[in-house]
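Enquirer: For reference, the structure I am asking about is given below.
The values are calculated or read from the model by the stated rules, or taken from the named source; none is laboratory data. Every value quoted in this text rests on a predicted model; they were computed, and no experiment measured them. When we count neighbours, we look across all protein chains shown, and the Cβ atoms used for this are built from the backbone with ideal geometry, even at glycine.
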Amino acid sequence: MKTMLTLCLLLLIIAAPLAAQTSSHEVAEQANALYAAGDYEGAKDLYETLISNGVAQSAVYYNLGHAYLRLDDLGRGLLNYRRAHSLTPRDDEIRTALARARASRVDIEGDETFPTDSLAALTASLLTIHELNWLVLGLWVVFFGLGSIYVIQRSPVARGMLVAVGAVLLFTLMLWLSRLHSSSFRPPAVVLAPVTPVMSGPGEAYLQIYELHAAAEIHMLSEQGSWGHFALPSGQEGWIQLQAVEKV
């Protein structure tokens with residue numbers, strides 16, 4: 001009897017993820033069908049359901065971005081393209097969609113000027129953060145392996161390779177640290193509100209210095225109450241209501 005109960009429990013444990021996967025696949029197909037039929041609101045809701053259920057895949061974010069653009073919500077469209085791009089940065093279709101969304105916004109933004117943001121941008125278009133982690137780990141392993149060989153053999157060839165790999169490792173570490181700094185202390189965010197005032201301080205009593213429009217991309221620096229301190233890629237700073245933006 002105990003053996004049968006144990007076997008049933010194991011079957012349930014194995015079957016549960018498979019059933020969830022099948023259900024998610026069916027929801028994705030329904031969402032795609034609604035999108036093809038022109039029901040962008042319904043498709044958007046189903047894509048959001050998939051994400052809330054843990055199906056945070058690049059294709060889902062990409063399709064959700066399409067649905068939001070069809071609903072004339074440029075901010076959320078670009079936000080989800082950014083999320084898709086962070087998962088598959090070398091996908092040409094996502095890059096193209098992201099570029100088109102950026103070209104449609106009101107606020108024209110230049111290149112990143114903050115040092116760590118500029119370095120982070122070098123890798124963000126090529127590698128995910130997980131791929132960068134593995135690259136750093138792999139270089140560490142190679143570096144210590146060559147170091148061990150050099151200590152044992154004192155070979156000029158091993159020394160030259162050790163210096164070369166060490167230089168590459170240092171550069172990669174610099175890129176990795178800049179990526180971590182940017183994501184941890186200057187996380188990217190996208191303005192969702194059609195238009196929102198930017199204040200000189202955390203509150204409406206402060207001076208309004210300019211406005212931002214939907215799909216403007218910013219870096220969040222800190223939060224105070226319902227206000228967030230941010231910086232534009234150009235380095236210009238201000239305060240914005242947190243309800244008007246969402247982090248990537």
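Enquirer: Being outside any helix (DSSP H, G or I), surrounded by fewer than 18 Cβ atoms within 10 Å (Cβ to Cβ) and charged (D, E, K, R): is that true of residue 72 here?
Expert: yes
Enquirer: Going through 136, 141 one at a time, which residue ends up being surrounded by 12 or more Cβ atoms within 10 Å (Cβ to Cβ) and either in contact with a Pro (Cβ under 9 Å, 6 or more places away or on another chain) or modelled with pLDDT of 90 or more (or both)? Steps first, answer last, please.
Expert: Values: 141 fails: surrounded by 12 or more Cβ atoms within 10 Å (Cβ to Cβ).
Being surrounded by 12 or more Cβ atoms within 10 Å (Cβ to Cβ) and either in contact with a Pro (Cβ under 9 Å, 6 or more places away or on another chain) or modelled with pLDDT of 90 or more (or both) holds for just one of 136, 141, which is 136.
Enquirer: Applying the selection to segment 48-91, what residues are basic (Lys, Arg) and farther than 20 Å from residue 121 by Cα?
Expert: Going through segment 48-91, the residues basic (Lys, Arg) turn out to be 70, 76, 82-83, 90.
70, 76, listed by residue number.
Enquirer: Related question: Pairs please, first residue from segment 30-56 and at pLDDT 95 or above, second anywhere and basic (Lys, Arg), Cβ atoms under 7 Å, 6+ apart in sequence or on different chains.
Expert: From residues that are at pLDDT 95 or above, the pairs are 40/70.
Enquirer: Would you be able to tell me the number of residues in segment 187-243 that are among the charged types (D, E, K, R) and either surrounded by 18 or more Cβ atoms within 10 Å (Cβ to Cβ) or closer than 19 Å to residue 117 by Cα (or both)? Steps first, answer last, please.
Expert: Within segment 187-243, the subset among the charged types (D, E, K, R) is 204, 211, 217, 223, 237.
When the remaining residues are screened for being either surrounded by 18 or more Cβ atoms within 10 Å (Cβ to Cβ) or closer than 19 Å to residue 117 by Cα (or both), the result is 217, 237.
Number of matching residues: 2.
Enquirer: Please note which strands (runs of 3 or more DSSP E) are completely contained in segment 171-222 and include at least 2 residues that are under 23 Å from the mean Cα position of the chain (by Cα) and modelled with pLDDT of 95 or more. Quick ask: steps written out before the conclusion?
Expert: Numbers: elements: 188-191, 195-199, 208-213.
So the answer is 188-191, 208-213.
Enquirer: Tell me whether segment 87-100 contains one or more residues that are among the acidic types (Asp, Glu), assigned to a helix (DSSP H, G or I) and either surrounded by fewer than 16 Cβ atoms within 10 Å (Cβ to Cβ) or modelled with pLDDT of 95 or more (or both).
Expert: First, pick out the residues of segment 87-100 that are among the acidic types (Asp, Glu): 91-93.
Checking which are assigned to a helix (DSSP H, G or I) leaves us with 92-93.
Then drop every residue that is not either surrounded by fewer than 16 Cβ atoms within 10 Å (Cβ to Cβ) or modelled with pLDDT of 95 or more (or both), which leaves 92-93.
For segment 87-100, residues among the acidic types (Asp, Glu), assigned to a helix (DSSP H, G or I) and either surrounded by fewer than 16 Cβ atoms within 10 Å (Cβ to Cβ) or modelled with pLDDT of 95 or more (or both): present.
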